[in-house]
Amino acid sequence: MPKQYARCVQAGQHCSATRWRCLFFGAAEFATEQQTVSADVIRRSYAATEEGFLNLVRKQWLIKPQIASVGTCCLVGIINEGVLYIANAGDSRAVLGRVERGAKDIKAVQLSSEHNASFQEVRDELRQMHPDDPRIVVLKHNVWRVKGIIQVSRTIGDAYLKSSEFNREPLLARFRIPGPFHKPILCPEPSIEEHRLCAEDQFVIFASDGLWEHLSNQEAVDIVHCSPRNGIARRLIKAALREAAKKREMRYSDLKKIDRGVRRHFHDDITVVVLFMDPALVSRRLYGISWRFSFRGVDGPQLEQYFKKHGIETLLDAVVTSHGFYFILQLLRLSVPHCITF
């Protein structure tokens, strides 16, 4: 994919690197076919990723039937020719930090649409798509859920809610829903937004819903704006965990001591990526004119050390991940292609 920069955040029970590779290289193939990046290219990439995962479920159905219950939200950002494309399936979120001309304060601008049954418009959409199912959305323990099971209405995976062929034995009974269904309950198609970057755009926060459960858009943007860049994603996660501890009337230090498996009862998993914009590059529209660079999410200092060693100028500042995910980075002034995994 020439002249572009891609970013992905996945949140779910199993955030699969295989699915991310499929998504990225699918996008690369479709973009090469059309000689451009477009909403259609991104939709086709999501569809190909979904179909690839469903085929994997079919192949492993008799050996690992529980894979049919595995799913993930997927948030993708691609910069191409000065335009930022944001695609989202699920309830992860991309938020832009922008400084308006003549203003000192920074403004939070949400770039992504979310697909969570807590929103009235999502419930209306589901009811419109399933007019014969009065229980397509159910209020359970004061939380709206699709079929009383899951809060999000769009995902990659969750095969047991996409096709009746997976809503049966040998899948465990606790995952199966009563009665057959004739069309997918959940949808893999992302909502896609386009934003032309300008000099006022400072950074974009890509994060799973675990962050936004405890921080508002403006709170997150203010933290990034008022803090050193180094380690900023980790700082956001820490701020969210402090809020989670406060809601439970406990100390942050005590929350950190709780075993990870048990901590899911206190807060959701959190994945954060902060992408800083270089105003000079935005105005010159020079995003990604060189080679692709692939690596697993790590924190800022480790990447900075590698970049300095190889004399690389990059648009990336910091990455912290609690799931493990892949992203592809196009670099400037890189004379040879690099592909490394931390």
Exercise for review: Sort through Glu125, Glu189 and tell me the only one that's part of a loop (DSSP other than H, G, I, E, B) and within 24 Å of the chain's Cα centre (by Cα).
Suggested key: Glu189
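Looking at segment 98-110, can you tell me whether even one residue there is aliphatic (A, V, I, L, M) and within 28 Å of Thr49 (Cα to Cα)?
no
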**Study point:** Flag if Glu81 is without any contact (Cβ under 8 Å) to a residue 24 or more places away in the chain, charged (D, E, K, R), surrounded by fewer than 17 Cβ atoms within 10 Å (Cβ to Cβ) and more than 18 Å from Asp209 (Cα to Cα)
**Key:** no
Study note, to complete from the structure: Per the list (1) at positive phi; (2) modelled with pLDDT of 90 or more, residue check on Gly82 breaks on (2)
Point to revise | Single residue of segment 223-263 satisfying the filter (over 30 Å from Ile106 (Cα atoms) and of a type in the set (Val, Ile, Thr)) that is modelled with the lowest pLDDT | key: Val262
Practice item. Within segment 177-218, track down each residue that is polar (S, T, N, Q), out of contact with any Ser or Thr (no Cβ under 9 Å at 6 or more places or on another chain) and surrounded by fewer than 17 Cβ atoms within 10 Å (Cβ to Cβ). Key: Ser216, Gln218
**Study point:** Checklist (1) among the hydrophobic types (A, V, I, L, M, F, W, C); (2) at pLDDT below 90; (3) buried (at least 22 other Cβ atoms within 10 Å of the Cβ) applied to Ala68, failing item
**Key:** (2)
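The values are calculated or read from the model by the stated rules, or taken from the named source; none is laboratory data. Keep in mind it's a predicted model, so treat the numbers as computed, not measured. Neighbour counts run over all protein chains shown; Cβ positions are idealised from the backbone, glycine included.
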